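**Student:** First, the structure itself, so that you have it in front of you.
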Amino acid sequence: MADWQVVSGGITAPKGFIAAGISAGLKSTAGAKDLALILSQTDAIAAGVFTTSQVRAACVDYCRQRLQAKSSARAILCNAGQANAATGELGWEDAKQCAKLLAQQLNISPDAVLLASTGVIGKRIKMEQLSQGILPLVRAASENGGADAAKAIVTTDLVIKEIALETTIEGRPVRIGGIAKGSGMIAPNMATMLGFITCDAAVSTGLWHEMLKRAVDQSFNQITVDGDTSTNDCVLALANGQSRTTAITEQSQNAQKLEAMLTEVCQYLAKAIARDGEGATCLIEVQVSGAPDDRAASQVAKTIAGSSLVKSAVFGRDPNWGRIAAAAGRAGVKFHQDELNIKLGEMILMRNGQPQEFDRNAASNYLEQAAAGEYLKTDTVLISVNIGVGSGQSTAWGCDLTYKYVEINAEYTT
């Protein structure tokens, strides 16, 4: 049984955090929320994980520089509508100006501000609208502003993505909250998305960064929608110590408990992103076992979850296990094909490398019911693959590939 419970409040559930989301006129849709603020009322230890793309948004380079120079922050400012990526020196100056404008209103140093942007690549931030929105944004910040912040960071998302969990350390409640956005251009190796995490535990800088990196590797780096990564991907995490627990500075039982809860928050948000993939009808969960090690298992799981043929078959309600076997075989992990086992839900499709008789209509119905959210009251298609007798295991998540995905992305800027 999990050593935590779900609580309300999202990003502002941890002590000492407030947030806001307003409409500043950055998006083309009138009245849509498009400017978000997350604010710690005290200095917080800050960590970040960023896109590996060589084409990066100004906010990514800005945050990298800030976190290399200073491992703490007070605020995260996120705009939606313009990615401010591939915008050159002018985009860089816009980013610095965003931090300066917010810092002035909060009476803090610009070095205490982290930035994120999302929207159309090649578009600079609408600085006039953003400048006018900063004061209303700061005034709107409250302990009840988490949901508004979650709404303000989305683009093609159909649902907002937020979660907060609470555990007990030293008899005191400790909370982690998170929000995320992402729906398209989602692939591992820093999946395309924005994620913001708040925590009221006291954690050392190095340990907090290590925890975040491991949590991201087990969550956001295990999801795929379309195999594309973007220019703005980042996860930013703040820990302000306001729970008043003893500082966690090294690996311990308390550290393990906190990291487990952080990983659960990240996995919840990651699965929400995959489930909300552009045009998707269901979440696909790929569980791989029997690999030489966890890394090898992860490689196989991500290859299957990212296969366009597997994703198309799930959308077509076609239990074509051959596509699963083919994806496993090309993942770059050595295994004996006579040890390959494949299950769809509870239905055995292949055992020890041999095809098994199964009810194709029942398998198609399983896919149909999962897409409708009817199978055991979930919208998840479960694919289980065993490739041997090794101890390595991993899980990856994706979604089906639909006609709607093509429609959305064919018309993204037109």
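**Student:** Can you bin region 211-260 into rounded, prolate or oblate? Criterion: square roots of the alpha carbon gyration tensor eigenvalues sorted a ≥ b ≥ c, rounded for a/c under 1.5, prolate for a/b above b/c, oblate for the rest.
**Tutor:** prolate
**Student:** Sticking with this structure for a sec: What net charge is computed for the residues neighbouring residue 155, neighbours being all others with C-beta under 9 Å from the C-beta of residue 155, Lys and Arg scored +1, Asp and Glu -1?
**Tutor:** Around residue 155, the charge tally is +1.
**Student:** Related question: For the chain, find the longest principal axis of its Cα atoms and tell me its angle to the long axis of helix 360-371, 0 to 90°, nearest 10.
**Tutor:** 10
**Student:** Using only Cα atoms, locate the centre of region 195-216 and the centre of region 352-373, then give the distance between them in Å, rounded to an integer.
**Tutor:** Here the answer is 40 Å between Cα centres.
**Student:** Turning to a different aspect of this structure: Tell me, what is the Rg over Rh of the chain, with Rh the Kirkwood radius over Cα pairs?
**Tutor:** 0.99
**Student:** Dipole size in debye (nearest 20) for the chain around its Cα centre, Lys and Arg Cβ +1, Asp and Glu Cβ -1?
**Tutor:** Roughly 680 debye for the chain.
**Student:** If each DSSP helix of 4+ residues adds -39,500 (n - 2.57) and the sum is divided by the residues in the chain, what number results at 222 nm, nearest 500 deg cm²/dmol?
**Tutor:** About -10500 deg cm²/dmol.
**Student:** How much net charge surrounds residue 105 when only other residues with a Cβ under 15 Å from its Cβ are counted (Lys, Arg +1; Asp, Glu -1)?
**Tutor:** +3
**Student:** Right, next: Quick one: which residues, 5 or more positions from residue 193 or on another chain, have an amide H under 5 Å from its amide H? H modelled 1.01 Å from N in the peptide plane, none for Pro or chain starts.
**Tutor:** Sorted by chain and number, the residues that satisfy this are 233, 234.
**Student:** What is the antiparallel percent of DSSP beta bridges lying wholly in region 283-410, to the nearest 5?
**Tutor:** Rounded to the nearest five, the antiparallel share is 70 percent.
**Student:** Still on this structure, I have one more. If we count every other residue with Cβ under 11 angstrom of residue 137's Cβ, Lys/Arg +1 and Asp/Glu -1, where does the sum land?
**Tutor:** 0
**Student:** Next question. For the Cα atoms of the chain, what angle does the longest principal axis make with the long axis of helix 58-69, in degrees from 0 to 90, nearest 10?
**Tutor:** Result, in degrees: 70.
**Student:** Further, regarding this structure: Provide the packing ranking of 294-303, 92-101, i.e. peptides ordered by the mean count of other C-beta atoms within 10 Å per residue, highest first.
**Tutor:** Averaged packing, sorted descending, gives the order 294-303, 92-101.
**Student:** Tilt of helix 294-306 relative to the longest C-alpha principal axis of the chain, in degrees (0 to 90, nearest 10)?
**Tutor:** 90
**Student:** Tell me which of 378, 305, 274 sits at the most positive position along the dipole axis of region 270-414, charges placed on C-beta atoms (Lys, Arg +1; Asp, Glu -1).
**Tutor:** Final value for the positive-end residue is 305.
**Student:** Taking square-rooted eigenvalues a ≥ b ≥ c of the alpha carbon gyration tensor, is region 267-414 rounded, prolate or oblate, where a/c under 1.5 means rounded and, failing that, a/b exceeding b/c means prolate?
**Tutor:** prolate
Any read-out appearing in this document is the output of simple, stated calculations on the displayed coordinates, not a laboratory observation. As the structure is a prediction and not an experimental result, all values here were calculated from the model. Neighbour counts run over all protein chains shown; Cβ positions are idealised from the backbone, glycine included.
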